Amino acid sequence: MAFEFTDSNFKQQALESGQVVVVDFWAQWCGPCRAIAPIIEELADDYAGNALVGKVDVDANQELAMQYGIRSIPTIVILKDGKEVERHLGAITKPALQSKIDKHMA
């Protein structure tokens, strides 16, 4: 199950986690966001214990969306040691996203 990041828990759960963190910035009304939602959920299970995969609802967490300069969704941001190491705009296949995540796991 993908973690629900919020303005209030993001610093502790994502930036201070010590793990690779995958953040899907999305909204309920966004078609491509809904299309990749099952991939995000699968990856959360696949990487459980090794990486933290979660979502930020940009409508409910506008502070985070502004902090990361989210202009279009879905936007997937990969963090390592609390710093952004990769960003992908738009829909993506599971294998393509896995290879982006795996690159930062070492």
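Just to be sure before I move on: is residue 85 at pLDDT 95 or above and crowded, with 17+ Cβ neighbours inside 10 Å in the structure I sent? Before you say what the answer is, go through the steps one by one.
Working: at pLDDT 95 or above: yes; crowded, with 17+ Cβ neighbours inside 10 Å: no.
No: the conditions fail for residue 85.
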In segment 35-69, the residues that are surrounded by fewer than 19 Cβ atoms within 10 Å (Cβ to Cβ), under 12 Å from the mean Cα position of the chain (by Cα) and among the hydrophobic types (A, V, I, L, M, F, W, C): 37
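Provide a single number: the residues in segment 92-106 that are surrounded by 16 or more Cβ atoms within 10 Å (Cβ to Cβ) and under 11 Å from residue 36 (Cβ atoms). Full working, then the answer.
As a first pass, look at segment 92-106 and keep what is surrounded by 16 or more Cβ atoms within 10 Å (Cβ to Cβ): 92, 97-98, 100-101, 104.
Still in the running and under 11 Å from residue 36 (Cβ atoms): 92, 97.
Qualifying residue count for the region: 2.
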Members of segment 4-26 that are closer than 23 Å to residue 89 by Cβ and either in contact with a His (Cβ under 6 Å, 6 or more places away or on another chain) or in contact (Cβ under 8 Å) with a residue 60 or more places away in the chain (or both): 14, 15, 20, 22
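The values are calculated or read from the model by the stated rules, or taken from the named source; none is laboratory data. Please read these numbers as outputs of a predicted model, since none were measured by experiment. Heads up, the Cβs are rebuilt from the backbone with ideal geometry, glycines too, and the neighbour counts pull from every protein chain shown.
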